[in-house]
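Please read the structure below before turning to the comments.
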Amino acid sequence: MSANVKTNIEQPRWRTVKRDHCSFGLKVLIRVAAILLALIIDALFIYFVTGLNPLSVYVVMYNGTFMTSMRFSWAMRDLVTLLCIGVALAPAFKMRFWNIGAEGQVLIGGLATAVVMVNCGKSLPGPMLLVVMLGASVAAGAVWGLIPSFFKAYWNTNETLFTLMMNYVAISIVASMTNLWRGQASSLGKLNMANRAGWFPQFLGQRYNINILTVLILTFVMFFYLKFSKHGYEISVVGESENTARYAGINVRRVTIRTMMISGAICGLAGFLIVGGRDQTISTTSAGGYGFTAIIVAWLAKFNTFYMALISFLLIFLQRGASEIASAYSLNDFAASIIEGVILFCILGSEFFINYRWVSEGKGGKA
């Protein structure tokens, strides 16, 4: 057979290549275009499937967050819960440790807070009780983060499955504890309702304003920790290449365990803010699914905590808007969730065009 046989394989006319750099302006443009596309798709769905006026539906969606100052404050309350968990995941994800266990870490932190409230509410003065609640929740979350990181560091276990399974362990523990406390009652109810021991004090008219202030400070602290501290540098190096980190003299095991303990501790802090500052009770749904939603927040923001605040606001806006649509038009939750899901899908899909670009190969050729 001749070595000069020619092949008739036609080359594609278009191909994708990874971008070397994407400017901030182009990122904004791509994401705005993705949202506009999502709104168009949703408008078609609303009109042809539900028979409603898309513009009226969008107004109702907007009103879900902005119609009254009270609704806006509730949105901010939910936003800081999601943002706090997203901030907690940032260091672990930047290290390429896929912590899918934030939901369980938040529940364990909230449970530790509730245990202190129930058992020490009558014996400790208010400020001391809050300090003990904070310490217990942070410690519990840190331990819940330590367990999978220890096994990962020494036996290279799969952290995704490990942390995911620990969510179910945490849910079972919380369910068992609430059943013990409930006794014959049909529900757990507010903790320490008689004396309100362990409840956050009023701040600017609302208890959860302390949550907002705390998470705002945490957002700045985590940004500077990851970007400018020695620990942040070690996290980046380990995330890029463990072999490079070892060559540079970084103790990979220590960084892995330390980072996950920080991630778990902040999730525990989120549990403290939920139980003490928002709900004053504990249940298996206290985390509200935000432990999983925060994964999207951290990933889309590329671990930049300030971007996380914007993305968290968008997701909370969509969530509350979908609920308002379902209520106003007597739609089932699935129809409202489709509207929310299309917008989220387009935003996620826009990341492809931020990281890659299409390159024309002319009219194609034959190799």
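The values are calculated or read from the model by the stated rules, or taken from the named source; none is laboratory data. Just so it is clear, the structure is predicted and the values come from calculations on it, not from any experiment. Backbone-built Cβ (ideal geometry, glycine too); neighbour counts: all protein chains shown.
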Task: Residue within the stretch 81-102 that is polar (S, T, N, Q), within 30 Å of residue 331 (Cα to Cα) and touching an Asp or Glu at 6+ places or on another chain (Cβ under 7 Å) present - done: no
- [ ] Give the residues of the stretch 153-209 that are free of Cβ contacts under 8 Å to residues at least 12 places away in the same chain, of a type in the set (Phe, Trp, Tyr) and under 21 Å from residue 126 (Cβ atoms), sorted by residue number.
- [x] 203
Open item on the list: Here is a check on your reading of the model: is residue 266 in the same structural domain as residue 313 (by TED's automatic domain parsing), more than 14 Å from residue 88 (Cα to Cα), surrounded by 19 or more Cβ atoms within 10 Å (Cβ to Cβ) and of a type outside the set (D, E, K, R)?
Closed with: no
Open item on the list: Among the residues of the stretch 203-223, what is the count of those that are of a type in the set (Ser, Thr, Tyr) and assigned to a helix (DSSP H, G or I)?
Closed with: 2
TODO: Output yes when any residue across the stretch 229-242 is acidic (Asp, Glu) and more than 25 Å from the chain's Cα centre (by Cα), and no when none is.
DONE: yes
Open item on the list: Looking at the stretch 242-257, I want the residues that are over 20 Å from residue 93 (Cβ atoms) and have a partner that is hydrophobic (A, V, I, L, M, F, W, C) with Cβ atoms under 7 Å, at least 6 apart or on another chain. Which pairs are those?
Closed with: 246/252; 248/237
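Here's the yes/no breakdown for (1) farther than 30 Å from residue 229 by Cα; (2) assigned to a helix (DSSP H, G or I); (3) at pLDDT below 90:
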residue: 26; (1), (2), (3): no, yes, yes
residue: 40; (1), (2), (3): yes, yes, no
residue: 44; (1), (2), (3): yes, yes, no
residue: 84; (1), (2), (3): no, yes, no
Task: Whichever residue in the stretch 36-53 is surrounded by 14 or more Cβ atoms within 10 Å (Cβ to Cβ) and within 23 Å of residue 350 (Cα to Cα) and, among such residues, is nearest to the chain's Cα centre (by Cα) - done: 38
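Conditions tested, residue by residue: (1) within 19 Å of residue 306 (Cα to Cα); (2) surrounded by 13 or more Cβ atoms within 10 Å (Cβ to Cβ).
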position: 195; (1), (2): no, no
position: 198; (1), (2): no, yes
position: 211; (1), (2): yes, yes
position: 227; (1), (2): yes, yes
position: 238; (1), (2): no, yes
TODO: Select from the stretch 87-103 the residues that are under 13 Å from the mean Cα position of the chain (by Cα), in a helix (DSSP H, G or I) and not aromatic (Phe, Trp, Tyr) and list them in ascending order.
DONE: 87, 88, 89, 90, 91, 92, 102, 103
Task: Condition check for residue 263: in contact with a helix residue (DSSP H, G or I) (Cβ under 9 Å, 6 or more places away or on another chain), closer than 30 Å to residue 56 by Cβ, of a type in the set (S, T, N, Q) and in a helix (DSSP H, G or I) - done: no
Task: Selection status of residue 85, closer than 14 Å to residue 145 by Cα, surrounded by fewer than 24 Cβ atoms within 10 Å (Cβ to Cβ) and touching a residue at least 24 places away in the same chain (Cβ under 8 Å) - done: no
Open item on the list: Quick check on this structure: which one of 348, 315 is hydrophobic (A, V, I, L, M, F, W, C) and surrounded by 22 or more Cβ atoms within 10 Å (Cβ to Cβ)?
Closed with: 315
- [ ] Take residue 94 and decide whether it is in the same structural domain as residue 243 (by TED's automatic domain parsing), surrounded by fewer than 24 Cβ atoms within 10 Å (Cβ to Cβ) and modelled with pLDDT of 95 or more.
- [x] yes
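To keep it simple, each residue is scored yes or no on (1) among the hydrophobic types (A, V, I, L, M, F, W, C); (2) at pLDDT below 95; (3) farther than 21 Å from residue 309 by Cβ.
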position	(1), (2), (3)
224	yes, no, no
231	no, no, yes
248	yes, yes, yes
252	yes, no, yes
259	no, no, yes
267	yes, no, no
271	no, no, no
274	yes, no, no
279	no, yes, yes
- [ ] Kindly establish whether residue 236 is farther than 16 Å from residue 153 by Cβ, out of contact with any Phe, Trp or Tyr (no Cβ under 8 Å at 6 or more places or on another chain) and at pLDDT below 95.
- [x] no
- [ ] Considering every residue within the stretch 254-263, establish whether at least one is in contact with a Gly (Cβ under 7 Å, 6 or more places away or on another chain) and basic (Lys, Arg).
- [x] no
